[in-house]
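A.B. asks: Can you keep this structure in mind? I'll have questions shortly.
Each value in this text was obtained by applying a stated rule to the coordinates, not by laboratory testing. Computed from a predicted model, the values in this text were never measured in an experiment. Reconstructed Cβ throughout: ideal geometry from the backbone, glycine too, with neighbour counts over all protein chains shown.
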Amino acid sequence: MSRDRLDALVVGGGAFGTALASQLVRLGRRVALWVRRPEQAEEVNRRQRNERYLPGHELPAGLRATNELPAAVGGAPLLLVAVPSRELRGVARQLGDCVEGDHLLVHVVKGIERVSYKRMSQVLREETCALKIGALSGPNLAPELMAGHPAGAQVASRFQEVVQRTQSLFQGGRLRVYGGADVIGTEVGGAFKNIIALAAGVADGMGFGDNTRSLLVTRGLGEMARYGVAVGADVFTFGGLAGIGDLMATCSSRLSRNHQVGERLGRGERLEAILASLPHVVEGVTTTQAVHPQAESLGLELPIVRAMHGLLFEGWSPGDALERLMALPVGGELSSLRYR
Amino acid sequence: MRAKDRERVLAEVVQRVTERASATPQQLEQSLFDTLYEERRRLEAERHRRSGRAALAAYERVQARALKAGPEEQRALLRELVGGFAAEVAGHFDERIYHLTTKAVPAALTLLFNAVSPLRLLQQIPSGLSRLDDQLEISGETEAFKQAVARGTVVLVPTHASHMDSILAGYMLYRLGLPPFVYGAGLNLFHNRLIGFFMHNLGAYKVDRKKKAAIYKEVLKTYAGVTLELGYHNLFFPGGTRSRSGAVESRLKLGLLGMGLDAYVRSLRAGNPRPDVVVVPCTINYQLVLEAETLIDDHLKEVGKSRYIIEDDEFSRPRRVFEFVSRLFELQSRIHIRVSRPLDPFGNQVDDQGRSLDARGRAVDRRRYVLVGEEPGFDAQRDQEYTRELARAIVEAFRRDTVFGSVHLVAWVVFRWLQEQNPGLDLYRLLRTGGAEPSMPLLEAYRRIERVREAMRQEEAAGRMRLDATLRDGDSVQLLADALAHLRVFHVTPALERRGDRLLHVDRNLLLYYQNRLADRGLPPQGVPA
């Protein structure tokens, strides 16, 4: 099958995948959206809706969804993979049956695999034969993308072809895609910010104001950079859209799912009850589960991550977590950050 | 290499290198004058020799002409320089010897091992060659290696600890019934009276590490690439040089390594019916390394930024080579060559049918990696990243297939203990003074040997390293005795000696060298900086 039938295939019909596919269709690109369930494909194709993930939004008429993976993959040179982190390995394994060496794979998944601590690009590498892999990340809340608000993101890959093809795919639209080569930093930024967003939500839920949120965001950025550098990232990435950019949006926006969950935690709701009430995955929870033990094994001190782990999995109350954070000794502000 | 192919290779090399280096007038000028500058600088240091003075004078004449020349003449001068380098790299060639060595490999190797090489000296040991057979253990994916050779063109990429490696790799090829491989050897080896003669005639080409001109490096790379395209199997040491620290290579030279991919793409474009280039990693493992003392000295100087090119080491002294080999034989010390699974130029494993496989074992159409549009083509940035993938896969294979012996374990235990005893001491002072404790209690050594060995057994069970039989199965008393015997017999000073119930550390540089092979393996004790 010719690779040129489509410009891109978006793999995953969640909120972000659907929003990206909609953006591209509006730009006149030939794009298909792969969804797992036939009834979801039907809903997109017949009613231009994806009510479960983007309630109330009308999708562009030209957006076609499919649940036939091999046929869709064979017709597209570039795949934008947008599935939750815990489902990525399974989907990637399916992709591995049909992806070939000339495919470009760009994922937009903001998470780290639990247990293995692997980044999403590593999972794609292990499960497919594709080598030209990249990560796209930034402050991109799906409802705002759907509404056509101007936004920016970074696409990082060691292959310039991946960066250039992704940039030209989004060229001319409302999502400005900047290029980079630091895949690790881009992925760490995207995953780590979910933990900090949870923490910022907790602070909001406890009734604290902007001072507290800024404290969490700034110290959270430091923890992100410390962790990122320890696993091989370029520290400067965290000053860009995939770092501070994403952190600002997700920590201050009520649209952020992680922030919403944090807020409910801060008001004293239990995690299990919150998760049971949501239709979608909360990446911050699984990312905390992955990052905390890895940071311990690397000998890194990440107090906010530590506190969130206590709150989510060790029965700490929001008050406990706050007290422990406030009781920590204060040192030089940047003393724990090593550049490069 | 056959004589007719040699001419073809030379012509191709000169053509390609000159073309690339003169793509624009600025590039042409830069290539030409950079080469002249680098060569004159090198020859300045050789003024004391008549040949050096003559060569310098010749380069000065070319420089004078180049300054007045227009683009056409500059291009001709560059072509001349490239031609000179290429002819020197390809070396002298005697087709009669080539036929002797390829058509009658056993006879040639008998000659190699019994007449000219260091192993000639084995004649002084009864049944020398058969003992080499006994003590050289070749294991791993040897069948897959042979099939890869039968099916396409192979690049063998061994670890590199000693000049002995080239001889042993050659001997392995003979034992497996494979033809000689084209191989880039340092100029010092050609000057080595023991093996220089065969270097010339078994497909070896010359690498002069003193030549720093970029064009010269291009000639070397292109030479390897063109021979691969013509179907000559190559041997590269991907670390570039012998490991100075004693550690297994973890950073590889990508330039030469990338020539496999270059040859693959060119062969696809040319419609070559056998375009495939397969890379076969292998580890060469000794309990003792002939040149250990010189190498670790150089490593320590490099860390202190005064590295030099080693021209005169243990390998250039036949008596030392003889002593080394005979001591190894006396100890019945086995040398392990372990062949890893073949890889394609993108780092994927290749199965026995020659198919590339992804990490889940699914067949991959490797041609698709190099498509530019619908046809195979080059993309310098992409291809560099592919070569990085290949390098990563080779490094992983090296790690999995490194075979450790008692010397590595005991050196690790003693050196780590020394560091623990002297927490404030920097590495150089520790090496020089030995710190506060001149010896380690024997019982403590046994206890630690057992602990580290257990961790190593677990690593082996998980497929992350290999242990030789003594290390895997011997008790800690046998293990320590084996390591002490090795360390005692060959090096000028024994690295470690037993005195009553203590272990005396005598040559800490050597202990550092041998224990470095176990660095980054997560073995206990943790948290002690190397």
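A.B. asks: So how long is each side of chain B along the principal axes, counting just the alpha-carbon atoms, biggest first, in Å?
C.D. replies: Here the spans come out as 78, 59, 49 Å, largest first.
A.B. asks: Can I get the semi-axes of segment A:3-181's equivalent ellipsoid? Compute them from the C-alpha gyration tensor as square roots of 5 times the eigenvalues, in angstrom, largest first.
C.D. replies: For segment A:3-181, the semi-axes come out at 22, 18, 16 Å.
A.B. asks: Give me a comma-separated list of calculated 3J(HN,Hα) values for segment B:368-382, in order, Karplus coefficients 6.51, -1.76, 1.60 applied at θ = phi - 60°, integers in Hz, x for any Gly or Pro.
C.D. replies: 5, 5, 10, 5, 10, x, 9, 10, x, x, 9, 8, 4, 5, 4
A.B. asks: As an exercise, identify the chymotrypsin sites (Phe, Trp or Tyr not before Pro) in segment A:234-340 lying in DSSP coil whose Cβ has no more than 13 other Cβ atoms within 10 Å.
C.D. replies: Answer in residue order: A:TYR339.
A.B. asks: Follow-up. Tell me the angle of helix A:160-170 to the major Cα principal axis of chain A, expressed in degrees between 0 and 90 and rounded to the nearest ten.
C.D. replies: For A:160-170 against chain A, the angle is about 80 degrees.
A.B. asks: If you place +1 on the Cβ of every Lys and Arg, -1 on the Cβ of every Asp and Glu, and leave all else neutral, what size is the dipole of the protein assembly as shown about its Cα centre, to the nearest 20 Debye?
C.D. replies: Result for the protein assembly as shown is approximately 1120 debye, rounded to the nearest 20.
A.B. asks: Using amide H atoms built in the peptide plane, which far-off residues or other-chain residues are under 5 Å from B:HIS233 H to H?
C.D. replies: B:VAL154, B:VAL182
A.B. asks: Would you calculate the separation in nanometres between label points at B:GLU437 and A:LEU255, each defined as 7 Å from the Cα along the Cα-to-beta-carbon direction?
C.D. replies: Taking the simple label geometry, B:GLU437 and A:LEU255 are separated by 6.3 nm.
A.B. asks: Dipole size in debye (nearest 20) for segment B:404-516 around its Cα centre, Lys and Arg Cβ +1, Asp and Glu Cβ -1?
C.D. replies: The dipole of segment B:404-516 has a size of about 180 debye.
A.B. asks: If you take every DSSP beta bridge fully contained in the protein assembly as shown, what fraction is antiparallel? Give it as a percent rounded to 5.
C.D. replies: The antiparallel fraction comes to roughly 35 percent.
A.B. asks: FRET efficiency for B:ARG65 and B:ALA380, Cβ-Cβ distance as r, R0 = 25 Å, nearest 0.05?
C.D. replies: For R0 = 25 Å, the calculated efficiency reads 0.15.
A.B. asks: Roughly how big is chain B's charge dipole about its Cα centre, with Cβ charges of +1 (Lys, Arg) and -1 (Asp, Glu), in debye to the nearest 20?
C.D. replies: Rounded to the nearest 20 debye, it is 700 debye.
A.B. asks: Using only Cα atoms and rounding to the nearest 10 degrees, what angle (0 to 90) does helix B:25-44 make with the longest principal axis of chain B?
C.D. replies: On a 0 to 90 degree scale, this one is about 50.
A.B. asks: B:GLU396 to B:ALA45: extension gain in nm, 0.36 nm per residue of separation minus the Cα-Cα distance?
C.D. replies: Value of the extension gain: 122.3 nm.
A.B. asks: To the nearest whole number, what is the average tally of beta carbon atoms from other chains within 10 Å of the beta carbons of peptide B:382-388?
C.D. replies: If you average over the peptide's residues, the count of other-chain Cβ atoms is 3.
A.B. asks: Turning to a different aspect of this structure: Using the beta-carbon distance between A:GLU333 and B:LEU136 and R0 = 60 Å, what value does 1/(1 + (r/R0)^6) give for FRET efficiency, to the nearest 0.05?
C.D. replies: It comes out at approximately 0.50.
A.B. asks: For a quick check: with amide H placed at 1.01 Å from N, whose amide H comes under 5 Å from A:TYR178's, ignoring anything fewer than 5 positions away on the same chain?
C.D. replies: The list, which skips near neighbours in sequence, is A:ALA153, A:GLN154, A:VAL155.
A.B. asks: For labels at A:ARG5 and A:SER317 in the simple 7 Å Cα→Cβ model, what's the distance in nm?
C.D. replies: 6.0 nm
A.B. asks: What's the extension gain from B:TYR37 to B:LEU504 if we count 0.36 nm per residue and subtract their Cα-Cα distance?
C.D. replies: Taking B:TYR37 through B:LEU504 to full extension adds about 162.9 nm, to one decimal.
A.B. asks: Place the peptides A:10-17, A:253-260 in order of packing, highest mean first, counting for every residue the other Cβ atoms within 10 Å and averaging per peptide.
C.D. replies: Taking the mean over residues of other Cβ atoms within 10 Å, the ranking is A:10-17, A:253-260.
A.B. asks: Between the DSSP loop rule and a limit of at most 15 other Cβ atoms within 10 Å, which trypsin sites (Lys or Arg not before Pro) in segment B:26-79 are left?
C.D. replies: Answer by residue number: B:ARG47, B:ARG49.
A.B. asks: OK, next. Report the net charge of residues surrounding B:ALA66, where surrounding means a beta-carbon distance below 15 angstrom and charges are Lys +1, Arg +1, Asp -1, Glu -1.
C.D. replies: Result for the local shell: -2.
A.B. asks: A further question follows. At 1.306 mPa s and 10 °C, plugging the Kirkwood radius over alpha-carbon pairs of segment A:185-327 into Stokes-Einstein gives what diffusion coefficient in µm²/s?
C.D. replies: Result for D is 108 µm²/s.
A.B. asks: R0 = 35 Å: FRET efficiency of A:GLU272 with B:ARG464, Cβ-based, nearest 0.05?
C.D. replies: In this case the efficiency is close to 0.35.
A.B. asks: Give me the one-decimal nm value for the distance between modelled label points at A:MET248 and A:ARG47, 7 Å along each residue's Cα-to-Cβ direction.
C.D. replies: Those two pseudo-labels are separated by 3.8 nm.
A.B. asks: Quick one: what do you get for chain A if you divide its Cα Rg by 2.2 N^0.38 Å?
C.D. replies: Taking N as the residue count of chain A, the ratio is 0.97.
A.B. asks: A further question on this structure: Report the semi-axes of the equivalent ellipsoid for segment B:404-516 in whole Å, largest first, where each axis is √(5λ) for an eigenvalue λ of the Cα gyration tensor.
C.D. replies: Ellipsoid semi-axes (Å, largest first): 23, 15, 13.
A.B. asks: What ³J(HN,Hα) values, in whole Hz, does the Karplus curve 6.51 cos²θ - 1.76 cosθ + 1.60 give for segment A:188-204 when θ = phi - 60°, with x put for Gly and Pro?
C.D. replies: 5, x, x, 7, 5, 4, 5, 5, 5, 5, 4, 5, 5, x, 4, 4, 4
A.B. asks: Between Rg and the Kirkwood Rh of the protein assembly as shown, both from Cα atoms, what is the Rg to Rh ratio?
C.D. replies: When Rh is taken as the Kirkwood radius, the ratio is 1.01.
A.B. asks: Other chains' Cβ within 10 Å of B:340-349 residues: what's the mean?
C.D. replies: 1
A.B. asks: Moving on. Can you give me the angle between helix B:406-421 and the longest principal axis of chain B, using Cα atoms only, in degrees from 0 to 90, rounded to the nearest 10?
C.D. replies: 70 degrees
A.B. asks: Dipole of segment A:64-110 (Lys/Arg Cβ +1, Asp/Glu Cβ -1, origin at the Cα centre): which of A:PRO84, A:ALA71, A:VAL106 lies farthest to the positive side?
C.D. replies: A:PRO84
A.B. asks: Through the Karplus equation 6.51 cos²θ - 1.76 cosθ + 1.60, θ set to phi - 60°, convert the phi angles of segment A:67-72 into ³J(HN,Hα) values in whole Hz; use x for Gly and Pro.
C.D. replies: The phi angles translate into 10, 9, 5, x, 5, 5 Hz.
A.B. asks: Let me ask another. Where Rh is the Kirkwood radius over the Cα pairs of segment B:1-89, the temperature 4 °C and the viscosity 1.567 mPa s, what D in µm²/s does Stokes-Einstein return?
C.D. replies: 93 µm²/s
A.B. asks: Which trypsin sites (Lys or Arg not before Pro) does segment B:233-293 hold that lie in a coil by DSSP with at most 12 other beta carbons within 10 Å?
C.D. replies: Answer in residue order: B:ARG251.
A.B. asks: Along the Cα-to-C-beta direction of B:LYS217, a point sits 7 Å from the Cα; which residues of segment B:375-412 have their amide N less than 20 Å from that point?
C.D. replies: From segment B:375-412, the list is B:379-392.
A.B. asks: Between B:LEU496 and residues 5 or more places away or on another chain, which pairs have amide H atoms under 5 Å apart, with H built 1.01 Å from N, and which residues are they?
C.D. replies: It is B:VAL506, B:ASP507, by chain and number.
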